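What follows draws every value from the coordinates through simple rules; no lab data is involved. Only a predicted model underlies this, so the values are computations on that prediction, with no experimental measurement involved. Note that we place each Cβ from the backbone using ideal geometry, even for glycine, and neighbour counts take in every protein chain shown.
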């Protein structure tokens, strides 16, 4: 029981030296690699850069205690930072005390919701974010984030959390771009893209062993940070209009209990829910993928608890909403992390940097961070997926397109909510007009298929009608219409057999419709039969009076009905 | 084409004398019978009594042109009046000009929505009002209406549109009840209930032929109106505190185009939508039932148009929202109406009364109307249905119970919206955790059933897994878990056959899951096969790359797979 809620108890007792070496190395690499992105994502959310470091310490440490993934690295991530910024900027001005306060409240709310969902085993809730909606949301968010970084790359002001706001505030200032900032931002961008595309292969060609070449290519942001910081320091570019990170308060974050009035908490409820769900989906799908590679398993419901406690920790330690991040987790995994201890070591490493070395970050240009963000989020934009989804299913495409458009035009919340609503509405619409088929016997078998698609045997006085949907309120009337039209157009009918192989549910509304059909067919002297009724459905029908009133019989198989009537 | 949108063209050309006699008689009977209820429902909506008459004239006349039901009688009905009153009282004080104005706007909005839904063929929309939700709503509305009439029956003040508001305003005034009002109200109530329960049988026993006995029993409200009016006039009870209908402006309603500011229209949008849907459901289900009795058919989408135009007419002629009413339609049907002309004759009859005889209604006590309403809505309250639904399905019962409770506590809108939302949520929850079964062959047949319910043959290296649900985003991950758990617990497996007889849809999310399952099973050297994939689903799969990547085969029938592997 304790092990279930504290998964650390399952692996710590078996911890040994060989694991320690691997985990320490991974922790060191992650420490160095995630510092630039942590700073960048805090800025993306409109928060001071140091908040990104704070959010990488305590949340990751508590995830080590509560998480079930061996390799997930928890901290600020791009999408969640974007959503956080969008939520906060609608309640307070960037840089105000309320803005910082609201970030903490958002973390606490999101943490509380995640823990609650975990304890109530409500992980299935995230399933309602369909793949097309998530994929569309990621693509649109990638575009939004890239647009949000344009200003920093050029050294001009821009603000807002929709594409239009961004562009409207950016364009008038374009002429006043800063040449030094643009050089640093543009240079870093080109360097990072080149390194990502060709770095590994080139380095390998000039003699580096493959794993080292890979590591160097991935360390691009670290080089960029070091080089551009040195350049900015040497030429004193901060005086020439290049924005830098500047003074960061040293020391560990203070532990505090954020407070705020009721309306602040209330207005953050919906954003917190969306951040929780999106963060959980991002985290758990990556955790599952990596666990599968090593034939391990993670428990989605315990992951909810783990991520929830991490967010609570972020809220208490001056952080921001966190989740298992794509890039930081991949770095951790590739660096050879064996257990969650690697994450703990990375957290301690970042704590050390935060305590003693924030001075080194003074000259780090914001443009370098913007370039780092831009390159890493470009992986989110998946345009081929649009074509692929269009080809496969128009309704999935509609959900995806609406999510993309509304995320860009109206912002992240509107985008994701309308995507989810539309996918549910389309599914309901679909099930409200079920496909049905008159079937006949495939000659020489006991198998029955659609008379219009296959060459099958039929009997003129018997209609074998296969209903391809569960029968429930949304399609109950449709079922009546289908049967009545069938009987009206085939006056020679004596028997109608409803084949229920695809009927997984008959609710009270559908039961009334079946009663009505039975009575109406009785008037026309046509008998109603059922076949292939599944166990659970049959159990339920037995609780009603329908089976007593049924004019015909219930056949175990359609073939049994066929033998009876032919 | 014209006949489709003007159904009168289908029957008027064949109209002849025999029909005329029947329709004239039915029209006369309906005129007399529906006047008391029309006045009563207008009062129930918080409107002047005469509005009920106005709403029974033009709306019914235009329905004659556009409706497809031969016997439906259109006018104010109890539920719609209750919903109208609830909607209006949240925006304006009863008796004010704005209140009257809002009633007209509500009719226009509702009419516009109905016509739009009809032209867009969106009649299916009403299917999302499940039977349990409707039945619960009717029961709760019946209780609410009865409570709303208590004050009028006792001669004391009460107001509000939830049960609690009603009781809170009623109870403090109870002591000041008016003895004359109570006598009239209570006497009428007892008289009507007795007549309804025993009238027909008793009259038949003392020598009246059955149809006449039936008609007299149904005319109870007319007798009550006449007698209590005479009593009130004779003893001048209006001076002794008995509320009467009083002066009604004579003449036909003025035609007018209601106006009002944007916020008024906007705040009536949701109520108008709910009134449209509930009115449509009440009207179309009764229309269908009566049409079926005479082997006629009605067209739900054209009914939307017909009811919509009726509501537009109500909005332009000082009326209130209308629909096909239960009691007025039954009266019309029983009185022998043959064509919609009967409805037109009734409308003309009511117009005649409104023009010249409203003075006769001066002394009609409000308490008599309250008793009329109370008796007629008691038929809506269906308590046995609660037990029946509980027995059949807990989730249907939950939707019903929530609808009843919230309608009583929070009002009609909250009740119906939460009922609909809950039924959809429960359906989605259900489909997100599909039933699945390992099946085996029923010996000697080609039929396959659940291994735990039936005595069947299996092969240890082959898992035949029947998935009892369409595969879509909400259950895609669940499917993965099911298959992975199956493979993990049966290491001897070499083949997994997914039986898709109940799979009516595979959306893009589920397709990705199938891809993932296929890849994961490949790693474990287990082949994935499909069987009994339906035509439409197979068509869609062919548009993706899944079938190329599939490690196994697609079998037409499960038996074909069985033969291959056993």
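Angle check, please: helix A:131-154 long axis (alpha carbons) against the longest principal axis of chain A (alpha carbons), in degrees 0 to 90, nearest 10.
That works out to roughly 20 degrees.
Taking the label point 7 Å from Cα in the Cβ direction, how far apart in nm is residue A:177 from each other copy of itself, listed shortest first?
8.5
Which value at 222 nm does chain A reach when only helices count, each DSSP H run of 4 or more adding -39,500 (n - 2.57), with the total divided by all residues and rounded to the nearest 500 deg cm²/dmol? Before the final figure, lay out each step's value.
Working: 27 runs with 349 residues, N = 566.
For chain A, the value works out to -19500 deg cm²/dmol.
Would you give the gap between the C-alpha center of segment B:288-327 and the C-alpha center of segment B:75-113, rounded to a whole Å?
18 Å
DSSP beta bridges in segment A:436-565, what fraction antiparallel, as a percent rounded to 5?
In segment A:436-565, DSSP labels about 35 percent of beta bridges as antiparallel.
Over chain B, what is the relative contact order in whole percent, taking alpha-carbon pairs under 8 Å and six or more residues apart? Walk me through the intermediate numbers first.
On the way: 1014 pairs, mean separation 129.1, N = 566.
After rounding, I find 23 percent.
Among B:234, A:490, B:131, what is the fewest-to-most ranking by other Cβ atoms within 10 Å?
Sorted ascending by nearby Cβ count, the order is B:234, A:490, B:131.
Report, as a whole number in µm² per second, the diffusion coefficient that Stokes-Einstein gives for segment A:106-164 at 25 °C and 0.890 mPa s using the Kirkwood radius over alpha carbon pairs.
Translational diffusion coefficient: 172 µm²/s.
Binning at 5 angstrom from zero up to the longest distance, how are the C-alpha pair distances of segment A:270-423 distributed in percent?
Using 5 Å bins, I get a P(r) of 2, 7, 10, 16, 18, 18, 13, 9, 4, 2, 0, 0 for segment A:270-423.
According to the square roots a ≥ b ≥ c of the eigenvalues of the Cα gyration tensor, what is the shape class of segment B:294-384, taking rounded for a/c under 1.5, prolate for a/b larger than b/c otherwise, and oblate for the remainder? Before the final figure, lay out each step's value.
Numbers: a/c = 1.62, a/b = 1.18, b/c = 1.37.
Taking the square roots of the gyration eigenvalues as a ≥ b ≥ c, segment B:294-384 is oblate.
Equivalent ellipsoid semi-axes for segment B:436-565, as square roots of 5 times the alpha carbon gyration tensor eigenvalues: give them largest first, rounded to whole Å. Present the calculation step by step, with values, prior to reporting the outcome.
Details: eigenvalues 94, 54, 39 Å².
So the three semi-axes of segment B:436-565 are 22, 16, 14 Å.
To the nearest 0.05, how large is the calculated FRET efficiency for residue A:235 and residue A:357 if R₀ is 25 Å and r is the Cβ-Cβ distance? Working shown, then result.
Numbers: r = 23 Å, r/R0 = 0.90.
Rounded to the nearest 0.05, the efficiency is 0.65.
In whole Å, what are the Cα extents of segment B:256-336 along the three principal axes, biggest one first?
That gives 47, 21, 19 Å along the principal axes, largest extent first.
Could you compute Rg(Cα) / (2.2 N^0.38 Å) for segment B:5-79, with N its residue count? Intermediate values should be presented prior to the final figure.
Details: Rg = 14.1 Å, N = 75, 2.2 N^0.38 = 11.3 Å.
Taking N as the residue count of segment B:5-79, the ratio is 1.24.
Counting pairs of alpha carbon atoms under 8 Å apart in space and at least six apart in sequence, what relative contact order in percent does segment A:436-565 give? The partial results should precede the final answer.
Working: 217 pairs, mean separation 29.0, N = 130.
Worked out over segment A:436-565, it gives 22 percent.
Provide a whole-number value for the mean count of partner chain Cβ atoms within 10 Å of the Cβ atoms in peptide B:395-407.
Working: counts 4, 7, 1, 0, 4, 1, 0, 0, 0, 0, 0, 0, 0.
Taking all residues of B:395-407 together, the mean is 1.
On a 0 to 90° scale, report how tilted helix B:473-489 is relative to the longest principal axis of chain B, with both axes built from alpha carbons and the result rounded to the nearest 10.
Computed tilt is about 40 degrees.
Give the nm distances, rounded to one decimal, from residue A:234 to the matching residue in every other copy, measuring between label points 7 Å along Cα toward the beta carbon; shortest first.
Here the equivalent label points are 11.6 nm apart from this one.
Using only Cα atoms and rounding to the nearest 10 degrees, what angle (0 to 90) does helix B:341-356 make with the longest principal axis of chain B?
40 degrees
When DSSP beta bridges are limited to those with both residues in the protein assembly as shown, what percentage is antiparallel, rounded to the nearest 5? Don't skip to the answer; put the middle values down first.
Details: 20 of 46 bridges.
So the antiparallel bridges in the protein assembly as shown amount to around 45 percent.
How high is the relative contact order of segment A:286-422? Use alpha-carbon pairs under 8 Å, at least six apart in sequence, and give a whole percent. Write down the numbers at each step before the final one.
Numbers: 50 pairs, mean separation 12.5, N = 137.
For segment A:286-422, the relative contact order is 9 percent.
With no solvent and one point on each alpha carbon, what is the Debye value of log10 I(q)/I(0) for segment B:9-142 at q = 0.18 Å⁻¹?
-1.22
How big is the protein assembly as shown along each principal axis, measuring the range of its Cα positions in Å and listing the largest first?
Computed over the protein assembly as shown, the largest-to-smallest principal extents equal 113, 75, 56 Å.
If only Cα atoms are counted, what is the Rg of segment A:348-471, and what is its Dmax, in Å?
My reading of the Cα-based Rg and Dmax gives 27.6, 89 Å.
Sort A:350-361, B:377-388, B:276-287 by the packing proxy (mean of other Cβ within 10 Å over each peptide's residues), most packed first.
Numbers: A:350-361: 16.5, B:377-388: 14.8, B:276-287: 24.4.
The most tightly packed comes first, giving B:276-287, A:350-361, B:377-388.
Quick check of the Kirkwood formula: for segment A:1-49, what is the inverse mean of 1/r over all pairs of different Cα atoms, in Å?
Details: mean 1/r = 0.0738 Å⁻¹.
Here the Kirkwood hydrodynamic radius works out to 13.6 Å.
Over all directions, the average projected area of the alpha-carbon convex hull for segment A:191-299 comes to how many nm²?
Numbers: hull surface 53.5 nm².
The Cα convex hull of segment A:191-299, projected and averaged over all directions, gives 13.4 nm².
Quantify how strongly other chains surround peptide A:465-474 by giving the mean number of their Cβ atoms within 10 Å of each of its Cβ atoms. Could you put the intermediate results ahead of the total?
Working: counts 0, 2, 1, 10, 4, 9, 0, 10, 14, 9.
Rounded to a whole number, the mean comes out at 6.
If you count, for each residue, the other Cβ atoms within 10 Å and average over each peptide, how do A:430-436, B:302-308 line up from highest to lowest? All intermediate terms of the calculation are to be shown ahead of the outcome.
Values: A:430-436: 19.1, B:302-308: 26.9.
Most protected by this proxy first, the peptides run B:302-308, A:430-436.
If R0 is 30 Å, what FRET efficiency do you get for residue B:457 and residue B:538 from their C-beta distance, rounded to 0.05? The partial results should precede the final answer.
On the way: r = 28 Å, r/R0 = 0.92.
About 0.60, to the nearest 0.05.
Going 7 Å from Cα along the Cα-Cβ axis for the label, what nanometre distances separate residue B:294 from the same residue across the other copies?
7.7
Within 10 Å of each residue's Cβ, count the other Cβ atoms and sort B:548, A:539, A:507 from fewest upward. The partial results should precede the final answer.
Working: B:548 6, A:539 11, A:507 28.
Neighbour counts put them in this order, fewest first: B:548, A:539, A:507.
Taking every DSSP beta bridge that has both residues in chain A, what percent is antiparallel when rounded to the nearest 5? Present the calculation step by step, with values, prior to reporting the outcome.
Values: 10 of 23 bridges.
Of all bridge pairs located within chain A, approximately 45 percent are antiparallel.
Mind checking Rg over Rh on chain B, alpha carbons, Kirkwood formula for Rh?
Numbers: Rg = 29.8 Å, Rh = 26.9 Å.
In chain B, Rg relative to Rh is 1.11.
Taking each residue of B:537-544 in turn, how many C-beta atoms of other protein chains fall within 10 Å of its C-beta, and what is the average?
Details: counts 2, 1, 1, 2, 1, 0, 5, 5.
Taking the mean over all residues of the peptide, I get 2.
Exposure proxy check: B:559, A:41 ranked by fewest other beta carbons within 10 Å?
Details: B:559 19, A:41 34.
Fewest-to-most Cβ neighbours within 10 Å comes out as B:559, A:41.
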